[in-house]
Amino acid sequence: MSTYTIIDRQDEGSRILADKIRETLNSAGYREDTGVPDTVFVVGGDGTFLYAVHQYLEHLDHVRFYGIHTGTLGFFTDYRESELDAFLAAFLEGDVKESVYPLLQISDGRNLMYGLNEVRVENMTKTQVIDVYINGTFFETFRGTGLLVSTQLGSTAYSRSLGGAVIEEGLDVIQLCEVAGIHHIKYRSLGSPVILHGTAVIELRSGNYEGAVIGADSSVLSLNDTEVLTIRMSDRKVRMLKGRDVSYFRRLQSLF
Ligand code: NAP
């Protein structure tokens, strides 16, 4: 018997929708399992979707995610609330395709964090100095608040607020953006976002990361005695179910 669980945004509208999904799935013979289910239904926004993925980080090989948005069209969801019947029919009839999205990883040598949108290092307490190496070659010395690396999927999130490019779905690239870089007569780094091959390995070296945090989507971790951060695409992948094709530009247009 196939199993499922539902993660909702915890507002009234999302809870009502979650109850309707539960009722339909139970009558169709599916069993609710909050352990490691086959499918995680996500009811809410892209933020809820990120939360759901982080709840199942250790079980991504098994779990698939299927989302419905209780707002506008999301980047991780293809259906709105008013399209619940079509959302459920596609699932129950097996008329869904699986799309796979790799997670970025950031490591400080001891801890490993995974990001579906992005990973980053930021320091709100002092100017952070970082030597940036790309694929083992020194690229530049950055001074400022921090650096962020986003996935294609995350290019419309924090990365976009930093002036990063929106990247069309399907491109196997990652994007490095500065967070409030200092650029004047004494100090200068590139300043513009850089789009790199998905295979790129970025090393961020600093003699002093005191006061800095590393982040992945909505999680953060304080750095202690760290000198090198390594960022690359990880082996972990998120499997998303899609009941229909929504053009990337239609999605973009509906949101911005
Ligand atoms: P959150 O409330 O879960 O998300 C913040 C906003 O970002 C929400 O409106 C969310 O959409 C939207 N969002 C998330 N992923 C997106 C994507 N791939 N494309 C377009 N919009 C997206 O906030 P959080 O838990 O602190 O952080 C989650 C994410 O928010 C982070 O991964 C980061 O990318 C983004 N964020 C952005 C900024 C910024 O732009 N200055 C600052 C902090 C965090 P929904 O309304 O559909 O949930």
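Readers should treat all values here as calculations from the given coordinates under stated rules, not as data from a laboratory. Since the structure is predicted, the reported quantities are computational estimates derived from the model, not experimental observations. Virtual Cβ from ideal backbone geometry, glycine too; neighbours counted across all protein chains shown.
For K186, list the lysines whose Cα falls under 27 Å from its own Cα; do not include residues on the same chain fewer than 8 positions away.
Partners found: K126.
Label-point separation (nm) for E169 and L57, each offset 7 Å from Cα along Cα-to-Cβ?
About 2.6 nm, to one decimal.
Efficiency by 1/(1 + (r/R0)^6): what FRET value for E12 and K126, r their Cβ-Cβ distance, R0 = 35 Å, to the nearest 0.05?
0.20
At a Cα cut-off below 25 Å, give the lysines reachable from K20, other chains included and same-chain residues fewer than 8 away excluded.
Result set, ordered by chain and number: K97, K242.
Apply 1/(1 + (r/R0)^6) to the Cβ-Cβ distance of S222 and I185, taking R0 = 45 Å, and write down the FRET efficiency to the nearest 0.05.
For S222 and I185, the calculated efficiency is 0.85.
Roughly how many debye, to the nearest 20, is the charge dipole of the chain about its Cα centre, given +1 on each Lys and Arg Cβ, -1 on each Asp and Glu Cβ, and no other charges?
I would put it at about 600 debye.
Hey, what do the phi angles of the range 148-162 turn into as Karplus ³J(HN,Hα) couplings, whole Hz, using 6.51/-1.76/1.60 and θ = phi - 60°, x for Gly and Pro?
Once θ is set to phi - 60°, the couplings for the range 148-162 become 10, 10, 10, 7, 4, 4, x, 5, 9, 9, 3, 3, 5, 5, 8 Hz.
With unit charges on the beta carbon (Lys/Arg positive, Asp/Glu negative), name the residue among M1, F256, F139 whose Cα is farthest towards the positive pole of the charge dipole of the chain.
So the residue we want is F139.
Step through the residues of the range 15-28 one at a time and calculate ³J(HN,Hα) from phi using the Karplus curve (6.51 cos²θ - 1.76 cosθ + 1.60, θ = phi - 60°), rounding each to whole Hz and writing x for Gly and Pro.
5, 5, 5, 4, 5, 5, 5, 4, 4, 5, 5, 4, 5, 8
Search the structure for amide H atoms under 5 Å from the amide H of T70, placed 1.01 Å from N in the peptide plane, and list their residues when 5 or more places away or on another chain.
Amide H to amide H, under 5 Å and 5 or more residues apart or across chains, T70 pairs with G44, G45.
Can you give the net charge of the other residues whose Cβ lies under 12 Å from the Cβ of S219, counting K and R as +1 and D and E as -1?
Net local charge, S219 excluded: -1.
Collect residues whose amide H, placed 1.01 Å from N in the peptide plane, falls under 5 Å from the amide H of F142; neighbours closer than 5 in sequence don't count.
Those qualifying (amide H under 5 Å, at least 5 residues apart or on another chain) are I130, D131, V132.
If you plug each phi of the range 98-104 into the Karplus form 6.51 cos²θ - 1.76 cosθ + 1.60 with θ = phi - 60°, what whole-Hz ³J(HN,Hα) values come out, in order, with x for Gly and Pro?
Couplings: 9, 10, 10, 10, x, 9, 7 Hz.
Could you work out how much longer the chain between E81 and S2 gets when fully extended? Use 0.36 nm per residue separation minus the Cα distance between them, nm to one decimal.
26.1 nm
Give me the one-decimal Kirkwood hydrodynamic radius in Å for the chain, with the sum taken over alpha-carbon pairs.
One decimal place: 19.4 Å for the Kirkwood radius.
Once you list every other residue whose beta carbon is under 13 Å from the beta carbon of I16, what net charge do they have if Lys and Arg are +1 and Asp and Glu are -1?
With Lys, Arg at +1 and Asp, Glu at -1, the net is -2.
Can you give the local net charge around V194? Use residues other than it whose beta-carbon is closer than 12 angstrom to its beta-carbon, Lys and Arg +1, Asp and Glu -1.
With Lys, Arg at +1 and Asp, Glu at -1, the neighbours total -2.
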